[in-house]
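Just below is one structure, and these are the notes that go with it.
The values are calculated or read from the model by the stated rules, or taken from the named source; none is laboratory data. Here the structure is a predicted model, which means the values were calculated and not measured. Ideal geometry is used to build each Cβ from the backbone, glycine not excepted, and the neighbour counts take in all protein chains shown. In case anyone asks, the SASA skips ligands and DNA or RNA and just uses the protein heavy atoms, side chains included. Shrake-Rupley method; radii C 1.70, N 1.55, O 1.52, S 1.80 Å.
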Amino acid sequence: MALQTLQDEIRYCERCGISFLWEVEAQKRQQGEPAPTLCPGCRRLLPPPGRERGVVKWYNRRRRYGFIVRPGQPDVFVHGSHLEESRHLRPGDLVEFQVVMGDQGPMATSCRVLAHYPDWDE
Ligand SMILES: [Zn+2]
């Protein structure tokens, strides 16, 4: 079995084009996974694979459902039973979620609030 010597590698971000170092430590953690295509900054900004981000359009607390606006795509339905951590959503909240096909069309699951709309105080 050939022992592969790992060394820091310079890579270029697919999204913003800046160069970043893919360090040996990170390569080890990766364990055969493909090399990162995005710089650390873009990785922070973008949702992880399979997840999307959007902004809550409206949410009915009593009925426990609402809609999320997505960039360049139709609004997506969210039900209160698919919220992580928070009990309710508020208009303007920045959320991250996974889209699955429900009986009524696409819906958001494992929906997590990344940032609350700042102008709301209760
Ligand atoms: Zn980048």
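Just a few scattered comments:
- Accessible surface, per residue, of the chain when the full set of protein chains is kept, probe 1.4 Å, Å²: 72
- With the charge dipole of the stretch 52-115 set up from +1 on Lys and Arg Cβ and -1 on Asp and Glu Cβ about the Cα centre, the Cα lying farthest toward the positive end among the listed residues Gln98, Leu114, Tyr65 is that of Tyr65.
- Take 104-112, 19-27, 31-39 and order them by the average number of nearby Cβ atoms within 10 Å per residue, most first; the result is 104-112, 19-27, 31-39.
- Within the stretch 1-100, trypsin sites (Lys or Arg not before Pro) in DSSP loop having at most 12 other beta-carbon neighbours inside 10 Å: Arg61, Arg62, Arg63, Arg87
- Computed helical MRE - 222 nm, the chain, DSSP H runs ≥ 4 contributing -39500 (n - 2.57), nearest 500: -2500 deg cm²/dmol
- For the stretch 37-122: rounded, prolate or oblate by the Cα gyration tensor [a/c cutoff 1.5]: oblate
- Surface share of carbon and sulfur [accessible, 1.4 angstrom probe, percent] for the chain: 51
- Extension gain from Lys28 to Leu45, taking 0.36 nm per residue of separation minus the Cα-Cα distance: 3.8 nm
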